[in-house]
Amino acid sequence: MISAFKRQDNWTLIGLFITLLLMIALFSWQSEFFFTTRNFINIGQAISIRGLIAIGLTVVMIAGGLDLSMAAVAAVAGMVTASLITLEVNSVLVGVLGVAAAGVLGAFNALLIVKFRINPIIATLGTLLFYRGLAFVSTGGDNIVIGVNAWSELGRGSWLGAPITVWLFLAVVVLGMCFMRFTVAGNHLYAVGGNSEACRNVGIRVDRLRGWTYVAQACLAGLAGLMLTSQSGTALPSALNGAELDIIAAVLLGGIALSGGRGGLLGTLLGLLIIGVVQNGLILLQVQIYWQSVVRGAILIIAVTLDSLRRGGGYR
C-alpha cells in the first residue's frame, strides 16, 4: 500500500529539468545580465524564503491536505519576532518564540481540519484572513523597524559566496527529502494521502500525522518570516501578501497531486526554480508589472492543468 504512492514520476522531473534549461537559455539569449553568478545568487535568494514555505506545503499536500494561510503565518511570526526584538528579549529566545507562535497557528489549523472536519480550503481561507488581520491589528497597521540586530546575519550574511538564506533552504530541502524517503512517518504520509481509510484500517494514526504536517508547515513559515524580517530589517504586516499563489503554483508544477499521495521535494525545488527564473527574467527584460501578473496566472493555470492530466481526469 505504501510503496504504491511514494514514487515521483521520473518523466515529470525530466520535463521540469528540460523546461528549466530552456527558460535559462531563453533569458540568457535575451539579456546579457541573466547568465551571471550574481544573478543566479539573486534567484536563489529570491526563492529561498518562499521555498521554505513550499517545502512545508509539499508535505501537507502529500498527506492529502492544503494550507492557504501559510504566508499570513509568516507575517505574524515576523511581527512577533520584531516586537520581541524591540523589547530587547534574548536573541535565541526571540527566534524560538517567533517560530513557536507560528507553530501555534498551525496547530489551530490542524484543530479545525482534523478535529472539526472542516474542508482544508475553507478552514485555511478563513485563517488566512484571520491571521493576516492579526498581523495588522497587532501594530495598528504600522511596520516595526528593527534595523541591525543579532538576527541580521541570518537574512543578510553569506557563506562561501552564497547567502545564508540559500544554504538554510537547501539544508531543509535535503533533510525533508531524507525524512520523506527513509523514515516510517514519511512513508506513512504518502500512504495517508493516497488512501486514508485503508491507512486507518491498518492502524496508522491518520489524524495525528495530518495534524503534525500543519504544525511543521507553520513552523517553516515562521522561520521564513524570521528570515524575511532579518533580511529587510523591518517587519511588515503585509509581508508575503499574495505569495500563496506562487507557492502553490510551484508545488503543483513540481508534480504534487491536489488529491495527495504523490510527488516529492525534488519536484517542488524544480518548480520553484522555474518560477524564480521566469520572474527574474521578466524583471531583467523590464516587462511591465501587469504582464508579469498575467504570466504568474498562466503558470498557475498550467500547474493545475498538469495535475489534472496526471490524475487522468478533472472536475466532474
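The values are calculated or read from the model by the stated rules, or taken from the named source; none is laboratory data. Here the structure is a predicted model, which is why all the values come from computation and not from measurement. We place every Cβ from the backbone using ideal geometry, glycine too, and count neighbours over all the protein chains shown. SASA here: full protein model, heavy atoms, side chains in, ligands and nucleic acids out. Shrake-Rupley method; radii C 1.70, N 1.55, O 1.52, S 1.80 Å.
Summarise the accessible area of the chain (1.4 Å probe, protein heavy atoms) by the percent that is carbon and sulfur.
Ligands and nucleic acids excluded, carbon and sulfur reach 68 percent.
Give me the distance in nm between label points sitting 7 Å out from Cα along the Cα-to-Cβ direction at SER238 and GLU88, one decimal.
3.3 nm
Name the most mobile residue of ALA77, ALA101, ALA218, meaning the one with the largest mean-square fluctuation, in a Gaussian network model of the chain with Cα contacts below 10 Å.
ALA101
Once you have the Cα-Cα distance between GLN286 and ARG205, take 0.36 nm times their residue separation minus that, and quote the gain in nm to one decimal.
Going from the current span to full extension adds 24.1 nm.
What number, in percent, do you get for the relative contact order of the stretch 215-293 if the mean sequence gap of Cα pairs under 8 Å and at least 6 apart is divided by its residue count?
That works out to 18 percent.
Please report the relative contact order for the stretch 8-310, taking Cα pairs under 8 Å with a sequence separation of at least 6, and give it as a percent rounded to a whole number.
35 percent
The stretch 183-248 to the stretch 71-131: how many Å between their Cα centroids?
12 Å
When the helix-only estimate is applied to the chain (DSSP H runs of n ≥ 4, each -39,500 (n - 2.57), divided by the residue count), what is the mean residue ellipticity at 222 nm, nearest 500 deg cm²/dmol? Provide the component values of the computation, followed by the final result.
Values: 13 runs with 223 residues, N = 316.
Rounded to the nearest 500, it is -23500 deg cm²/dmol.
Picking from GLN286, GLN45, GLN231, which is most flexible by a Gaussian network model of the chain using Cα springs under 10 Å?
For the chain, modelled as a Gaussian network with Cα springs under 10 Å, the answer is GLN286.
So what's the stretch 31-136 giving for Cα Rg divided by 2.2 N^0.38 Å, two decimals?
That works out to 1.30 for the stretch 31-136.
What FRET efficiency would be calculated for the residue pair ARG117, GLU32, taking the C-beta separation as r and a Förster radius of 51 Å, to the nearest 0.05? Working shown, then result.
On the way: r = 55 Å, r/R0 = 1.09.
About 0.40, to the nearest 0.05.
Looking at the stretch 126-209, what % of the alpha carbon pairs are farther apart than 15 Å?
Values: 2611 of 3486 pairs.
Looking at the stretch 126-209, the distances longer than 15 Å represent 75 percent of pairs.
Go ahead and collect, in residue order, the members of the stretch 66-87 whose backbone nitrogen is under 19 Å from a label point 7 Å along the Cα-Cβ direction of THR139.
Backbone N within reach: 71-87.
Step by step: find N for the chain, compute 2.2 N^0.38 Å, then divide the Cα radius of gyration by it. What's the final number?
So the Cα radius of gyration is 0.98 times the expected 2.2 N^0.38 Å.
Quick one, could you list the DSSP H helices from the chain stretching 18 Å or more along their long axis (Cα atoms) with average Kyte-Doolittle hydropathy of 1.6 or above?
10-30, 70-86, 91-110, 164-182, 265-284
Given the options ALA185, VAL104, ILE49, identify the residue whose Cα lies farthest towards the positive end of the charge dipole of the chain (+1 on Cβ of Lys, Arg; -1 on Cβ of Asp, Glu).
It is ALA185.
At 1.4 Å probe size, with every protein chain present, just tell me what the per residue accessible area of the chain comes to in Å².
48 Å²
Would you be so kind as to identify which of ILE14, VAL92, TRP151 lies farthest towards the positive end of the dipole of the chain, taking Lys and Arg as +1 and Asp and Glu as -1 on Cβ and the Cα centre as origin?
Most positive-ward Cα: ILE14.
Which residue, chosen from VAL294, GLY264, ALA71, occupies the Cα position most advanced towards the positive end of the dipole of the chain, where the dipole is computed from +1 (Lys, Arg) and -1 (Asp, Glu) charges on Cβ about the Cα centre?
After comparing all options, I get GLY264.
So, by mean Cβ neighbours within 10 angstrom, what's the order for 164-171, 274-281, 36-43 with the highest one leading?
Highest-to-lowest ranking by the protection proxy: 274-281, 164-171, 36-43.
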